[in-house]
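Below: the structure, in C-alpha cells.
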Amino acid sequence: MNTEQTSVTKTIQILLSLAEKPYEFSALELSEQLGMNRSTVYRNLNALKDVLIVTQNPATKKYRLGPTAY
C-alpha cells in the first residue's frame, strides 16, 4: 500500500481538523498539527474557500468550516 498522502487525503485531514474544537485555525496551526507544509495547507484552504466549504474570519484570519460543508 502506498504510504504517501494524496491531495485528497490531505484535504480530508484539513477538513476533519476544522471540525474539532476550537473550530477555527490558522494555516500555520493546521500545518503544525497535521505535519504538512504550510504552503500545502494554505493552497488547500484557498481552494476550499473558493467554494465556501471553508471560510476565513476577517478579524483573526483563521479558517473554519463554511456553509457548504454542512
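Structure notes:
- The GluC sites (Glu not before Pro) found in segment 5-59 that occupy coil by DSSP, while having at most 10 further C-beta atoms within 10 Å, are Glu20.
- Helices in the chain that qualify as membrane-span-like (whole DSSP H runs, Cα extent of at least 15 Å along the helix axis, mean Kyte-Doolittle hydropathy of -0.5 or higher) are 7-18.
- Once C-alpha pairs closer than 8 Å and six or more residues apart are averaged by separation and normalised to the residue number of the chain, the relative contact order reads 28 percent.
- Assigned charges on the beta-carbon of Lys, Arg, Asp, Glu; the chain dipole about Cα centre (debye): 180 debye
- Neighbourhood charge, 15 Å Cβ-Cβ cut-off, centred on Glu29 and excluding it, Lys, Arg +1 and Asp, Glu -1: +2
- Shown here for the chain: trypsin sites (Lys or Arg not before Pro) in loop regions (DSSP other than H, G, I, E, B) with at most 13 other Cβ atoms within 10 Å, namely Lys61.
- Largest GNM mean-square fluctuation among Leu45, Leu15, Leu34, using the chain with Cα springs under 10 Å: Leu34.
- Positive-end ranking of Leu16, Pro58, Asn46 along the dipole of the chain, with charges on Cβ about the Cα centre, is headed by Pro58.
- Semi-axis lengths, Å, the chain, gyration tensor of Cα atoms, sqrt of 5 times eigenvalues: 19, 13, 11
- Listed residues Thr60, Thr11, Thr40, most fluctuating in the chain (Gaussian network, C-alpha, under 10 Å): Thr60
Every number in this text was worked out from the coordinates using simple rules, so none of it is lab data. Quick caveat, the model's predicted, so the values are computed rather than measured. Reconstructed Cβ throughout: ideal geometry from the backbone, glycine too, with neighbour counts over all protein chains shown.
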